[in-house]
Amino acid sequence: MSPPNYTHRNPLALLTPTMHKVLERMHRAAQVPLHAQTPQQARASYAAAAGVLELASPPMARVESFCVAARDGYAIPVRLYAPSNERLPLLLYFHGGGFTIGSTATHEVLCKRLGHLAGCAVLSVDYRLAPEHKFPCAVDDAWDVLQWCAAQGTRLGLDPRRIAVGGDSAGATLAAVCAILARDAALALALQLLFYPGTAGHQNTPSHRSFAKGFVLEEPHITYFFEHYIRSPQDRDDWRFAPLDGLRPDGQVADLSGVAPAWLGLAECDPLVDEGVLYADRLRMAGVAVDLEIYRGVVHEFIKMGRALPQAAQAHAEAAAALKLAFAEEN
């Protein structure tokens with residue numbers, strides 16, 4: 001599938017009427033934009049707004065917080081959600097937030113909904129954030145937790161033979177990279193569940209230009225997040241930052257053959273939509289099974305706006321259905 005062509009269209013006309021109203025309310029609120037705040041202030045602002053448009057949180061039989069040791073000894077906080085006390089498959093989830101903001105708390109409702117709808121446990125990861133912890137720290141934390149789950153999942157009453165990785169935005173980038181690392185380590189995954197992943201190293205696709213302002217994830221936000229996260233411009237061309245077009249040490253783009261099947265849920269009115277489509281294309285060209293859904297008329301972050309947008313609940317349900325199918329095939 002080719003990315004949409006926005007050349008002769010007014011991007012605002014693509015929004016649904018309800019999405020228009022949500023954006024108008026955001027504009028009237030006149031909040032200080034995240035990119036004009038310190039990372040600490042931005043984290044607090046994002047946390048304060050995280051649950052405003054969320055759907056109701058389903059009950060969980062188990063909610064447990066603990067830590068997993070990183071390779072350097074750091075204790076990575078994680079939170080487990082399980083809809084029952086049965087031996088369940090696991091979705092390892094990495095939250096979005098440009099590698100700079102977000103937490104297990106900001107994505108708790110989403111993780112509970114996915115676990116409830118898919119009948120699986122969800123382990124949400126508080127990987128270390130920038131600028132205190134630069135690239136590739138988030139990647140290393142994500143991979144360390146995935147390896148721990150594969151080795152220790154039985155201790156949690158989970159099925160380590162049925163693990164999926166997932167995330168939204170920057171978290172989906174981490175999930176995609178973990179899927180490649182898992183392939184390299186012969187660690188079988190059931191699925192990679194990617195909500196609007198960032199996959200490219202440079203903001204140069206048509207969707208980055210069309211949706212640069214007024215669509216929640218604005219161009220200054222992306223630059224702000226990336227500049228906090230990367231150590232130098234060269235990091236943009238590292239495959240662990242940009243699995244679509246970044247390079248391995250041998251100078252080649254990452255080989256995607258043999259990685260886990262993928263489900264991608266993209267927002268039509270999102271700077272990242274083009275690179276999401278292109279990543280789905282690269283996966284398919286490598287022989288990977290891909291299910292691609294583009295949710296029309298909505299913006300980045302829509303999956304956390306379920307009280308206003310029916311597309312959020314639709315995306316939750318379709319992602320959960322993909323998880324259930326993938327886990328059933330691995331059983």
Which of the residues that make up the stretch 21-48 are outside any helix (DSSP H, G or I) and either under 10 Å from residue 101 (Cβ atoms) or in contact (Cβ under 8 Å) with a residue 12 or more places away in the chain (or both)?
31, 32, 33, 37
Modelled with pLDDT of 95 or more, over 12 Å from residue 99 (Cβ atoms), of a type in the set (Lys, Arg) and in contact with an Asp or Glu (Cβ under 6 Å, 6 or more places away or on another chain) - does that describe any residue in the stretch 167-190?
no
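Tell me, please, whether a residue that is among the basic types (Lys, Arg), out of contact with any Cys (no Cβ under 8 Å at 6 or more places or on another chain), surrounded by 18 or more Cβ atoms within 10 Å (Cβ to Cβ) and part of a loop (DSSP other than H, G, I, E, B) can be found in the stretch 213-222. Please lay out each step first, then the result.
The initial filter retains those residues of the stretch 213-222 that are among the basic types (Lys, Arg), namely 213.
If we keep only those that are out of contact with any Cys (no Cβ under 8 Å at 6 or more places or on another chain) too, we end up with 213.
Next, only the ones that are surrounded by 18 or more Cβ atoms within 10 Å (Cβ to Cβ) stay: none.
Checked the stretch 213-222: no residue is among the basic types (Lys, Arg), out of contact with any Cys (no Cβ under 8 Å at 6 or more places or on another chain), surrounded by 18 or more Cβ atoms within 10 Å (Cβ to Cβ) and part of a loop (DSSP other than H, G, I, E, B).
Could you please let me know if residue 165 is assigned to a helix (DSSP H, G or I) and of a type outside the set (Lys, Arg)? Even if it seems obvious, please write down each step before you answer.
On the way: assigned to a helix (DSSP H, G or I): no; of a type outside the set (Lys, Arg): yes.
When the stated conditions are applied, residue 165 does not pass them.
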Looking at (1) in contact with a strand residue (DSSP E or B) (Cβ under 6 Å, 6 or more places away or on another chain); (2) closer than 18 Å to residue 90 by Cα, which is the one condition that is false for residue 196?
(2)
Of the residues in the stretch 281-296, those that are touching an Asp or Glu at 6+ places or on another chain (Cβ under 9 Å) and buried (at least 24 other Cβ atoms within 10 Å of the Cβ) number 1
Could you pull out the residue among 312, 317 that is in contact with a strand residue (DSSP E or B) (Cβ under 9 Å, 6 or more places away or on another chain), in contact (Cβ under 8 Å) with a residue 24 or more places away in the chain and in a helix (DSSP H, G or I)?
312
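Within the stretch 56-145, which strands (runs of 3 or more DSSP E) (wholly inside it) include 2 or more residues that are crowded, with 20+ Cβ neighbours inside 10 Å?
Values: elements: 62-69, 75-82, 88-94, 121-125.
Those strands (runs of 3 or more DSSP E) span 75-82, 88-94, 121-125.
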Can you say whether residue 314 is over 29 Å from residue 50 (Cβ atoms), surrounded by fewer than 20 Cβ atoms within 10 Å (Cβ to Cβ) and of a type in the set (S, T, N, Q), as far as the supplied structure shows?
no
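The values are calculated or read from the model by the stated rules, or taken from the named source; none is laboratory data. Please read all numbers here as calculations on a predicted model, not as lab measurements. Neighbour counts are summed over all protein chains in view; Cβ atoms, including those assigned to glycine, are modelled from backbone coordinates with ideal geometry.
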